[in-house]
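The values are calculated or read from the model by the stated rules, or taken from the named source; none is laboratory data. This one's a predicted model, so the numbers in the text were calculated from it and none came from an experiment. So basically every Cβ, Gly included, is an ideal-geometry build from the backbone, and we count neighbours across all protein chains shown. Ligands, DNA and RNA are stripped out before the accessible areas are found, and what is left, the full protein with its side chains, is counted by its heavy atoms. Shrake-Rupley method; radii C 1.70, N 1.55, O 1.52, S 1.80 Å.
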Amino acid sequence: MKFSQLYLETLLNDILPFWERCSLDTQYGGYFNCLDRHGKVYDTDKFIWLQARQVWMFSKLYNQVEQRPTWLKIARSGADFLRKNGMDANGNFYFSLTREGKPLVQPYNIFSDCFAAMAFSEYGKASEDEEFKLLAKNTYFNILKRKDIPKGIYEKSTGVRKLKSFALPMILSNLVLELEHVLKTEEVKKTIDISVHEVMEIFLQKDSGLIYENVQLNGSLHDSFEGRLLNPGHGIEAMWFMIDIGVRRNNLALIQKATDTIINILEHSWDNEFGGIFYFMDAKGHPTQQLEWDQKLWWVHLETLVALAKAYEHTKNAKIWEWYQRVHDYTWTRFPDPENGEWFGYLNRQGQPLLTLKGGKWKGCFHVPRAMYQCYRSFEKIETEQ
């Protein structure tokens, strides 16, 4: 079977049917996020990240793969639920809600807003609903207003040690492209320019070729838990965002630099004893704060497959292909659950399921189907050229 066929058939015949069958809340709208191995709901709280990501996913597939009315209906259920219940009076998005839509956790950072903006933008395109497009645009500019102090009144740091996080420029580099149809051209260009500079010149270190999660405000490194933290999955995911921008701008140097960075991160973070990519690492090899540092996570490996597929599509780099095959073999033999559908999210270091949930506080209908879609598209082009 060709890789393009494998990814498309898995998306359409395994992943999406699981979420269509198990996650829809037909009484209150939106989606059940917490699903056990068999797809049974074990908790009814609703997490904004995951609600929004599922809206985006079904809207994107409606827009790019096939205009199935059921997909649009599923997206509408989540979009309406979010619009009605997701925001406080200032337009900031909560972190979690009850099943009915009552707020549980305050808007303590802007990532809920980022995914909500993506959701409204893509659903607005799918439904041709101008209100959702405007809501996406307003949410985006609200994010920019808060970006220098993302947690606002919920910030715990005293400010004595000022560090800035990689997560924001990383997500903005993708978010602005997702919202391109509702933003002015100059706004898109400005945010791309800033994001590329931050990702590739500030957080990417010239000497090691690695991406640090936190740096000081002047871009220098800090010798502390936070300052030494590496999140290999984050760095690799950002590189496929950079490749997309490089393709968009016909910037071959950016594509090549992103490709080299993918290889650097993989060579540093691959577990040579048991296989797979470490979740967290300390840049100097010290113990991490994160006790889950050696777990093997679904999203890390899936985003790596996307990055490698895109890098190979545009460079035909032999080393990238070797890494693709290694990561593919590890990922496809350990994460899928052929008995019950969908994929496990959390493996121990040895590669065995640590938690058998299919949906929880952080795992939802996003990384698996998005990776299936992205890899399908890349391999469709690769195989056409062969």
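Structure above, values below:
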{"item": "Top-ranked residue in region 315-341 [being in contact with a strand residue (DSSP E or B) (Cβ under 9 Å, 6 or more places away or on another chain) and outside any helix (DSSP H, G or I); ranked as surrounded by the most Cβ atoms within 10 Å (Cβ to Cβ)]", "result": "Phe335"}
{"item": "Filtered residues of region 299-312 (kept if open to solvent by 10 Å² or more (accessible area, probe 1.4 Å) and within 16 Å of the chain's Cα centre (by Cα))", "result": "Trp299, Lys310"}
{"item": "Residue within region 206-229 that is of a type in the set (Asp, Glu) and in contact with a Pro (Cβ under 8 Å, 6 or more places away or on another chain) present", "result": "no"}
{"item": "Selection within region 123-155 - within 23 Å of Glu201 (Cα to Cα), of a type in the set (A, V, I, L, M, F, W, C) and open to solvent by 80 Å² or more (accessible area, probe 1.4 Å)", "result": "Ile149"}
{"item": "Any chance Thr158 is at pLDDT below 95, open to solvent by 70 Å² or more (accessible area, probe 1.4 Å), polar (S, T, N, Q) and over 30 Å from His268 (Cα atoms)", "result": "yes"}
{"item": "Sole exception among (1) over 21 Å from Pro107 (Cβ atoms); (2) in contact (Cβ under 8 Å) with a residue 60 or more places away in the chain for Lys40, by number", "result": "(2)"}
{"item": "Residue within region 354-362 that is under 26 Å from Asn174 (Cα atoms), open to solvent by 10 Å² or more (accessible area, probe 1.4 Å) and of a type outside the set (Lys, Arg) present", "result": "yes"}
{"item": "Hits in region 276-298 - residues which are over 15 Å from Leu354 (Cα atoms) and open to solvent by less than 60 Å² (accessible area, probe 1.4 Å)", "result": "Ile277, Phe280, Met281, Asp282, Ala283, Thr288, Gln290"}
{"item": "Selection count, region 4-36, where residues are in a loop (DSSP other than H, G, I, E, B) and open to solvent by 70 Å² or more (accessible area, probe 1.4 Å)", "result": "3"}
{"item": "Checking Ala89 against (1) over 21 Å from Lys125 (Cβ atoms); (2) in contact (Cβ under 8 Å) with a residue 12 or more places away in the chain, the condition it does not meet", "result": "(2)"}
{"item": "Residues being part of a loop (DSSP other than H, G, I, E, B), open to solvent by 30 Å² or more (accessible area, probe 1.4 Å) and closer than 19 Å to Arg146 by Cβ - total across region 95-116", "result": "2"}
{"item": "Any hit, region 109-116, residues being in contact with a Phe, Trp or Tyr (Cβ under 9 Å, 6 or more places away or on another chain) and modelled with pLDDT under 95", "result": "yes"}
{"item": "In region 13-40, the residues that are over 21 Å from the mean Cα position of the chain (by Cα) and of a type in the set (S, T, N, Q)", "result": "Asn13, Thr26, Gln27"}
{"item": "Region 185-209 - residue that is in contact with a Ser or Thr (Cβ under 8 Å, 6 or more places away or on another chain) and not in a helix (DSSP H, G or I) and, of those, nearest to Arg161 (Cα to Cα)", "result": "Leu204"}
{"item": "Answer from Met57, Met1 - the residue that is open to solvent by 60 Å² or more (accessible area, probe 1.4 Å) and of a type in the set (A, V, I, L, M, F, W, C)", "result": "Met1"}
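Residue by residue, here is whether (1) free of Cβ contacts under 8 Å to residues at least 12 places away in the same chain; (2) open to solvent by 40 Å² or more (accessible area, probe 1.4 Å) holds:
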| site | (1), (2) |
| --- | --- |
| Glu180 | yes, yes |
| Glu186 | yes, yes |
| Ile192 | no, no |
| Ser208 | no, yes |
| Glu213 | no, no |
| Met242 | no, no |
| Asn250 | yes, yes |
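Residue-by-condition table, conditions (1) farther than 30 Å from His222 by Cα; (2) modelled with pLDDT of 95 or more; (3) among the β-branched types (Val, Ile, Thr):
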residue: Gly285; (1), (2), (3): no, yes, no
residue: Trp299; (1), (2), (3): no, yes, no
residue: Lys316; (1), (2), (3): yes, yes, no
residue: Leu347; (1), (2), (3): yes, yes, no
residue: Pro369; (1), (2), (3): yes, yes, no
residue: Arg377; (1), (2), (3): yes, yes, no
residue: Ile382; (1), (2), (3): yes, yes, yes
